[in-house]
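None of the figures in this text is laboratory data; all of them are computed from the coordinates on show. Quick caveat: nothing in here was measured; it's all calculated off a predicted structure. Cβ sites come from the backbone with ideal geometry, for glycine too, and all protein chains shown count toward neighbours.
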Amino acid sequence: MVASESTAPVGAATERPRAPSTAAASTLRGIEAAALEVAAESTVPAAAATPSDSELACLAEGIYFEARGESVRGQLAVGRVILNRVESGAYPDTICGVVYQNDHRRNRCQFSFACDGTTDAITEYAVWEDIQGYAAWLLAGETKPRPLFQVASLETSTHYHADYVKPDWAKRMTQTGRIGRHYFYFDPRAYAVESAWLLPGPRS
């Protein structure tokens, strides 16, 4: 979000700008708060507990190409979906495997950027640098044994789609929230692959 600017009348009292150090500290606190909400209380799949450079890069690429225009919270939520898929047992058990699953099938892959036929290039370097940090934060969470059941929530989401499409699969899942232009969903069947007990939330 871009704050609007206004011009104060001549002679009116104006608020002194904050010192750069104070503004930077406030920004950092905001980023940390957003990260904690989605990442810090979530778990990291055991397979990603000690990620390689390539796995970290794949997570960052998934976030960048799918959500670079979203808020920090929205970017972290997309990253959370990727990690949840790694953990679920219904998808590849590596981050790169999840992000680029079926990338050889035109418009039939899991993340549209990987198979839409366009050349993907990182051009917004400042955004890319930030997203690499967010990906590292997501992978720095605590690794815990998988629970016997999963509750539908934003932190356990396995799918999302943009607000300008209406995929049929969304009808079969539990909507868990919306951040920016993305709707998020939980698919209990993804965890049913290895779990006999499920506790999905109410369907929207």
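Given the Cα-Cα distance of residue 128 and residue 71 and 0.36 nm per residue of separation, how much length would full extension add, in nm?
Extending this stretch completely gives an extra 19.2 nm.
Can you figure out the FRET efficiency of residue 106 with residue 52, using R₀ = 35 Å and their beta-carbon distance, to the nearest 0.05?
Between residue 106 and residue 52 the formula returns 0.75.
Please turn the phi angles of the range 161-171 into ³J(HN,Hα) values with the Karplus equation 6.51 cos²θ - 1.76 cosθ + 1.60 (θ = phi - 60°), one per residue in order, whole Hz, x for glycine and proline.
Running phi through 6.51 cos²θ - 1.76 cosθ + 1.60 with θ = phi - 60° gives 8, 6, 6, 9, 10, 9, x, 4, 5, 5, 5 Hz.
Pop the C-beta distance of residue 116 and residue 169 into the FRET formula with R0 = 25 Å and round what comes out to the nearest 0.05.
Efficiency for this residue pair is about 0.90.
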